[in-house]
Amino acid sequence: MKLNPTHDNILVRRDKAEEKKTPSGIVLPEDGQKNPDTAVVVAVGEGRRLANGDVIVPGVKAGDRVLLGRFSGTEVNWEMERLTVIGWGDVLGIVLDKSSPAKKTGHAKKNTRKGVDKA
C-alpha cells in the first residue's frame, strides 16, 4: 500500500537520533531524545489550490533532504515505519550537498550594501 499526502502536506522520514548515553553508561531510549532537525522527503501532496483555481506546488520532491522545526508535524506509523506528515510551511529549508548545482553555478548573492564603505 502507498500513502500519498493531500494538498500541500509532505510525508517525511526523520533522520534517526544518535544513540545517547549518560556519563554512567546508561543508554537513553529514543523517546527521551529530541527529534532530529533533518528528514528525507518520502512523498509530496499535489499542492494548495487558490481561490482562482491555481495550484501552488510545494518546492520539494521525493528524496530531498529538508530542515524542519523540532516539534513540527504529526507522527504516523505506516506499515511498521515511523513517518511524519508536515505542512509545506513547516519546511525551514532544503539541505544541499556539495555536488548540488546551486552551489556550483554560484546562485548565492553576495551580501553587499550600497553606500557603505568597506575598510
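Results, tabulated for the structure shown:
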| quantity | calculated |
| --- | --- |
| Single residue of the range 18-53 satisfying the filter (part of a loop (DSSP other than H, G, I, E, B) and closer than 13 Å to Val91 by Cβ) that is modelled with the highest pLDDT | Gly45 |
| Residue satisfying all of: in the range 33-81; in contact (Cβ under 8 Å) with a residue 60 or more places away in the chain and loosely packed, with under 12 Cβ neighbours inside 10 Å; nearest to Val12 (Cα to Cα) among these | Glu81 |
| For Asn77: the one exception among (1) outside any loop (DSSP other than H, G, I, E, B); (2) in contact with a strand residue (DSSP E or B) (Cβ under 6 Å, 6 or more places away or on another chain) | (2) |
| Residue in the range 10-17 that is touching a helix residue (DSSP H, G or I) at 6+ places or on another chain (Cβ under 9 Å) and modelled with pLDDT under 80 present | yes |
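The values are calculated or read from the model by the stated rules, or taken from the named source; none is laboratory data. Keep in mind it's a predicted model, so treat the numbers as computed, not measured. Glycine also receives a Cβ, built like all others from the backbone with ideal geometry; neighbour counts cover every protein chain displayed.
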